[in-house]
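Chemist: Quick one: this structure, given as structure tokens, is what I'll be asking you about.
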Amino acid sequence: VMASMAHLQKEKLRLQEELLELQEKLAAQENNEMSLSLQMQGQVDTLKAKLLEQAQEISRLRSELGGTDAEKHRDLLAAENERLRQEMKACEGELRELRRQQQAPCRDCPHLQENAGLQEQLSQLQREAEETRAKLVELDLEVQQKTNRLAEVELRLKDSLAERAEEEERLSRRLRDSQETIASLKSQPQQIKYIIKTVEVESAKAKQALCETQSRNQYLQEQVGMQKQVLKEMEQQLQSSQKTEAQLRAQIMMYEAELERAHGQMLEEMQAMEEEKNRAIEEAFSRAQVEMKAVHENLAGVRTNLLTLQPALRTLTHDYNSLKRQVRDFPLLLQETLRSARAEISQAIEEVHSTNRELLRKYRRELQLRKKCHNELVRLKGNIRVFGRVRPITKEDGEGPDAANAVTFDADDDAVLHLLHKGKQVSFELDKVFPPQASQEEVFQEVQALVTSCIDGYNVCIFAYGQTGAGKTYTMEGTAANPGINQRALQLLFSEVRSKAADWDYAITVSAAEIYNEALRDLLGKEPQEKLEIKLCPDGSGQLYVPGLTEFRVQSVEDINKVFEFGHVKRVTECTNLNEHSSRSHALLIVTVRGLDRSTGLRTTGKLNLVDLAGSERVGRSGAEGSRLREAQHINKSLSALGDVIYALRSRQGHVPFRNSKLTYLLQDSLSGDSKTLMMVQVSPAEKNTSETLCSLKFAERVRSVELGPVSRKAELSSWPSQEHLEGDSLGSAAPPGRGHASPSPGHLSNRSASIRRKLQTSG
Ligand code: ADP
Ligand code: MG
């Protein structure tokens, strides 16, 4: 508002200045015009006086003209002409001056056009004056010529008059003489005759002379008449020149009238300009008034604004002052606060330090205790654990009685599962059972501890066992939206490794292999068809290795995804029917975690083997032939071998038959010693799959429920029921050799679990 007010005031000042300027200009113009009109009036007056003078002169001349003295008249005319010419010149000069003066102030006047018209008129008048002057000059010349002629004629007249007078004189003298002679002769009469004769003679002579003189006289008289005529002509010429003069006077009058008119026009223009000026002044005045009014209104608004702003300003100033005070005091306050805060912080740090020390001490003690407990637990549970996972009924199971649910669970015990098979309910107890609604996440939570132990240098095997379609691949691989153990395990490893990065350097590598018909193939290699061999390490450590098996170093989830995709693509391109093929081969994902403790230089190596086993269904029984039979035999052999090995391990037998299959041989390191093994037994709950489900669950329970005693160890030294035996069990036709405890009946189960719980209690 202040800015706009200032702007308006500035505008007002400018307008006032403009107004003043305009007024000054107008005044100057008025003055100019006034002086011009005065000048013009003066000129007109002088011209009038001159005209009067001329008229007087003319009348005088006219009165003097009676003298008919041509010479005098000519002189007078010449003088008059000269005077007129000079006046003309003066007039012209004045006119020029006038024009110049008129032009000067009216440069940007709107009446310029009218002025131009007037000027043109003036120039025309001038031209006319010029013409008149030329005529005058001409007339002058003529007068001169005539005067010259007149002078000549007069001279001649004078001469002839003088001659005549002389002649008359002479004649009169002779007459006198003759008369005297006559008289004398009369007085002398003798001689009269003679004398008369003489006189007569002499008178004849005189008479002749007289005649001559008379003729001469006649001639002279004629001459005089001629001269008179010339004089008359001259008078006529004079009259004509007088006429011209009158004409000239009339022209002058005309000029005067013109001048009068121009003056009138000028006056009118002046009037009009005056009016315009007045109007402009009025307009400017009214505009200025309106603007002033607006400015006043603005001012009033601004004033009210200012009035309303003043209290706010006051409070602001107050606030500002208080803030300023605060700011001034702030450094001191800050220093004070900082000092106290520093003291507090150092005290707190001290306290935290001592607490930390105490905590660290406690933590170490707890850690040792936990390790001890863990070892104890592991010892009690054994390194081999068996989980069961029941998949939900899917669309593929179809509809009707075949797709009915045959599996139920115990609400109080998450390790127990009941299967309704051929009208009989059979119960099984495993280490844990996942119902159909268990999520991948939940499953992985149970597996997590195993996976992380791999970082500490333990070897771990996780197997998915079960008939085709029971959910092995789903559990191990999962779907893109809901990944299984494989990807989750690697993610966990990455995050664990990252959290330990301060002290440890870890390298995680991944290999993918497949065992089909007892042939090991590299899924990440350049030549997947190539069969790989398992060999003993040449360093004598007794460890096994697979020459040519590709290992990829992975550092992120993206890397794993790439590896999985790569392996998957290999598998897909290699077989015409992936589903069938995958169900008849074991798929292995081998993750190796190598660690280096930077402070101690301690090195650890842990292996995590994630195995999606071939379908455990009994193909061979249905009279399969050729390659199908061969596949079935291989699968049967390798799964039996795995069962044997696990059984042997769990019952702590001296000899473990690792070499009975490629799978167990390859995993020897990861199954023996303090390695940890998890068997995830997948089952389908559908009615039509109950016999296969029964087989799978029997396998699970047998793996798990091996008695851990020296007697049983010995007793089970070389016996593990083959897949065929499992079938036999399921049908309940023949009793398995020496394995009464495994017969799945509710009574058995409760007795056995009670005995195990007892055992746990006593050893705990
Ligand atoms: P397998 O590998 O044992 O032959 P799959 O893992 O291929 O069996 O599973 C067969 C079908 O059942 C697949 O379509 C899979 O998505 C589905 N499936 C298996 N387990 C589950 C589960 N826990 N929840 C949902 N669907 C499952
Ligand atoms: Mg599968």
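The values are calculated or read from the model by the stated rules, or taken from the named source; none is laboratory data. Please read all numbers here as calculations on a predicted model, not as lab measurements. As a convention, Cβ positions derive from the backbone with ideal geometry for all residues, glycine included, and neighbour counts pool all protein chains shown. The protein model used for the area step is the full one, side chains on, heavy atoms only, and it has no ligands, DNA or RNA in it. Shrake-Rupley method; radii C 1.70, N 1.55, O 1.52, S 1.80 Å.
Chemist: Inspect all residues belonging to region 16-32 and state whether any of them is more than 60 Å from the chain's Cα centre (by Cα) and surrounded by 14 or more Cβ atoms within 10 Å (Cβ to Cβ).
Modeler: Yes - at least one qualifying residue is present in region 16-32.
Chemist: Right, another one. Within region 456-480, work out how many residues are modelled with pLDDT of 90 or more, more than 9 Å from ligand 1 (Cβ to nearest atom) and either of a type in the set (A, V, I, L, M, F, W, C) or in a helix (DSSP H, G or I) (or both).
Modeler: 4
Chemist: Any idea which of 376, 396 is more than 16 Å from ligand 2 (Cβ to nearest atom), modelled with pLDDT under 90 and either part of a strand (DSSP E or B) or of a type in the set (D, E, K, R) (or both)?
Modeler: Selected residue: 376, the only one of 376, 396 that is more than 16 Å from ligand 2 (Cβ to nearest atom), modelled with pLDDT under 90 and either part of a strand (DSSP E or B) or of a type in the set (D, E, K, R) (or both).
Chemist: Just a yes or no: is a residue in region 440-448 assigned to a loop (DSSP other than H, G, I, E, B), more than 8 Å from ligand 1 (Cβ to nearest atom), in contact (Cβ under 8 Å) with a residue 60 or more places away in the chain and within 16 Å of residue 607 (Cα to Cα)?
Modeler: no
Chemist: Hey, another quick one. Could you check residue 364 against (1) under 30 Å from residue 675 (Cα atoms); (2) surrounded by 11 or more Cβ atoms within 10 Å (Cβ to Cβ) and say which number it fails?
Modeler: Looking at each condition in turn, residue 364 falls short on (2).
Chemist: Hey, could you check region 469-486 for residues that are open to solvent by 20 Å² or more (accessible area, probe 1.4 Å), out of contact with any helix residue (DSSP H, G or I) (no Cβ under 6 Å at 6 or more places or on another chain) and not hydroxyl-bearing (Ser, Thr, Tyr) and say which is nearest to ligand 2 (Cβ to nearest atom)?
Modeler: Selected residue: 469.
Chemist: Hey, among the residues in region 33-48 that are of a type in the set (A, V, I, L, M) and surrounded by 11 or more Cβ atoms within 10 Å (Cβ to Cβ), which one's farthest from the chain's Cα centre (by Cα)?
Modeler: Only one residue fits best here, namely 47.
Chemist: Which residue, of 288, 312, is of a type in the set (Gly, Ala, Ser), assigned to a helix (DSSP H, G or I) and exposed (fewer than 10 other Cβ atoms within 10 Å of the Cβ)?
Modeler: Result of the check over 288, 312: 312.
Chemist: Among the residues of region 249-266, count how many are open to solvent by less than 80 Å² (accessible area, probe 1.4 Å) and touching a residue at least 40 places away in the same chain (Cβ under 8 Å).
Modeler: Result for region 249-266: 11.
Chemist: Scan region 380-389 and give yes if some residue there is touching a Phe, Trp or Tyr at 6+ places or on another chain (Cβ under 7 Å) and within 16 Å of ligand 2 (Cβ to nearest atom), otherwise no.
Modeler: So far as region 380-389 goes, yes, one or more of its residues are touching a Phe, Trp or Tyr at 6+ places or on another chain (Cβ under 7 Å) and within 16 Å of ligand 2 (Cβ to nearest atom).
Chemist: Would you confirm whether any residue within region 513-521 is touching a helix residue (DSSP H, G or I) at 6+ places or on another chain (Cβ under 9 Å) and within 15 Å of residue 555 (Cα to Cα)?
Modeler: no
Chemist: Considering every residue within region 187-203, establish whether at least one is modelled with pLDDT of 90 or more, open to solvent by 50 Å² or more (accessible area, probe 1.4 Å), assigned to a helix (DSSP H, G or I) and over 30 Å from residue 81 (Cβ atoms).
Modeler: no
Chemist: Also, I was wondering about something else. Which residues, taken from region 579-634, are part of a loop (DSSP other than H, G, I, E, B) and either among the hydroxyl-bearing types (Ser, Thr, Tyr) or at pLDDT 85 or above (or both)?
Modeler: Across region 579-634, the qualifying residues are 584, 585, 598, 599, 600, 601, 602, 613, 614, 615, 616, 617.
Chemist: Within the set of pairs 6 or more residues apart or between chains, which connect a residue that is under 13 Å from residue 237 (Cβ atoms) inside region 132-161 to a residue that is surrounded by fewer than 13 Cβ atoms within 10 Å (Cβ to Cβ) with Cβ atoms less than 8 Å apart?
Modeler: Every condition considered, the pairs that remain are 147/71.
Chemist: Going by the structure shown, is residue 432 in contact with a Phe, Trp or Tyr (Cβ under 6 Å, 6 or more places away or on another chain) and either more than 16 Å from ligand 2 (Cβ to nearest atom) or open to solvent by less than 10 Å² (accessible area, probe 1.4 Å) (or both)?
Modeler: In short, yes.
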